[in-house]
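The values are calculated or read from the model by the stated rules, or taken from the named source; none is laboratory data. Predicted, not measured: the structure shown is a model, and the values here were computed from it. Backbone-built Cβ (ideal geometry, glycine too); neighbour counts: all protein chains shown.
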Amino acid sequence: MSFRSKHPPRTGSAKEAIRDAAAALFAEKGFAATSTREICQRAGITKPVLYYYFGNKVQLYEELVLDTYNDYQKELRRAARHGRTPNERLINVLSAMFSFARHRHNYWRVGFRMVLAPEKESPTINYVEMSQADERLLAEIIREGVRRGEMKGRPEFIAGAIVGMAISSILGFLLTGQPPLDRSLAKRTIALLTKGCGVNSTYR
């Protein structure tokens, strides 16, 4: 049974400790196999503290995923606003995707686990729909490139290919540590998928 403490804990970092511990355990074991006891032990807090902040394990999982997703989207849209050309903006967005995967890899592991090996008891979150937001953002940039005569082709198709290659690279990184998720890989990926589409376009 879940309940909430009447008084907040004194430690200001307790909520982040819970989130970090839960992300690591959900990534390692999955939602169903992770107990609130394990989360509390890893976070160094008691169950009343967890219940004060999140109520129960389902709420913790949902807030963890959705809050992280919102942070991720903010990073991508911030990256999309910078760059002199659509090609540079595509590289910036893909670099931001890679950076997020490097620094917050447990959240990507949680998503991959739920998509590739869904659990019947886990909360329902549409990860596929979330990835489509990435495609829409990239397609907007590619459309601008088409309007400017710097690219040609179907924006939705190219955007989908970029996301597909990004996911493949990130999955490889999480499993083997390769390829390095850096700006150089972002440049090569965008060049591969836009080669022949640009008209006198360059990237840096």
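This table checks each residue for (1) within 30 Å of Glu121 (Cβ to Cβ); (2) in contact with a Phe, Trp or Tyr (Cβ under 8 Å, 6 or more places away or on another chain).
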{"residue": "Leu66", "(1), (2)": "yes, no"}
{"residue": "Ala80", "(1), (2)": "no, no"}
{"residue": "Asn92", "(1), (2)": "no, no"}
{"residue": "Ser95", "(1), (2)": "no, no"}
{"residue": "Ala101", "(1), (2)": "yes, yes"}
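Would you be able to tell me the number of residues in region 124-183 that are closer than 20 Å to Arg109 by Cα and among the small types (Gly, Ala, Ser)?
So the count comes out to 8.
Please specify each residue of region 24-44 satisfying the condition of being among the aliphatic types (A, V, I, L, M) and at pLDDT 95 or above.
Once the filter is applied, which keeps residues that are among the aliphatic types (A, V, I, L, M) and at pLDDT 95 or above, region 24-44 yields Ala24, Leu25, Ile39, Ala43.
Could you please find all residues in region 49-86 being over 26 Å from Ser35 (Cα atoms) and aliphatic (A, V, I, L, M)?
Leu76, Ala79, Ala80
Which residues, taken from region 111-132, are within 13 Å of Ala33 (Cβ to Cβ) and among the small types (Gly, Ala, Ser)?
Across region 111-132, the qualifying residues are Ala117, Ser122.
Do you know which residues across region 22-73 are outside any helix (DSSP H, G or I), touching a helix residue (DSSP H, G or I) at 6+ places or on another chain (Cβ under 9 Å) and touching a residue at least 24 places away in the same chain (Cβ under 8 Å)?
Gly30, Phe31, Gly44, Ile45, Asn56
Return yes or no: is Arg143 touching a residue at least 12 places away in the same chain (Cβ under 8 Å), of a type in the set (D, E, K, R) and closer than 29 Å to Ala17 by Cβ?
Taking the combined requirement at face value, the residue does not satisfy it.
Can you pull out every residue in region 120-142 that is at pLDDT below 80, among the charged types (D, E, K, R) and closer than 18 Å to Glu63 by Cα?
Glu121
Against the definition (surrounded by 16 or more Cβ atoms within 10 Å (Cβ to Cβ), closer than 20 Å to Ile170 by Cβ and of a type in the set (Phe, Trp, Tyr)), how does Phe54 come out, yes or no?
No; evaluated as a whole, the condition is false for this residue.
Would you confirm, using the coordinates I've provided, whether Val110 is at pLDDT below 95 and loosely packed, with under 15 Cβ neighbours inside 10 Å?
On the way: at pLDDT below 95: yes; loosely packed, with under 15 Cβ neighbours inside 10 Å: no.
No, not satisfied.
This table checks each residue for (1) more than 19 Å from Glu75 (Cβ to Cβ); (2) surrounded by 18 or more Cβ atoms within 10 Å (Cβ to Cβ).
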residue: His105; (1), (2): no, no
residue: Ser122; (1), (2): yes, no
residue: Glu135; (1), (2): no, yes
residue: Gly149; (1), (2): yes, no
residue: Pro155; (1), (2): yes, yes
residue: Gly164; (1), (2): yes, no
residue: Ile170; (1), (2): no, yes
residue: Pro179; (1), (2): yes, no
residue: Thr194; (1), (2): yes, yes
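Among the residues of region 44-52, is any aromatic (Phe, Trp, Tyr) and over 28 Å from Gln132 (Cα atoms)?
Taking region 44-52 and keeping what is aromatic (Phe, Trp, Tyr), we get 51-52.
Pick out the ones that are also over 28 Å from Gln132 (Cα atoms) and you get 51-52.
Yes, region 44-52 contains a residue that is aromatic (Phe, Trp, Tyr) and over 28 Å from Gln132 (Cα atoms).
Give region 64-81 a look and list any residue that's surrounded by 14 or more Cβ atoms within 10 Å (Cβ to Cβ) and at pLDDT below 95, or say none.
Leu64, Val65, Thr68, Tyr69, listed by residue number.
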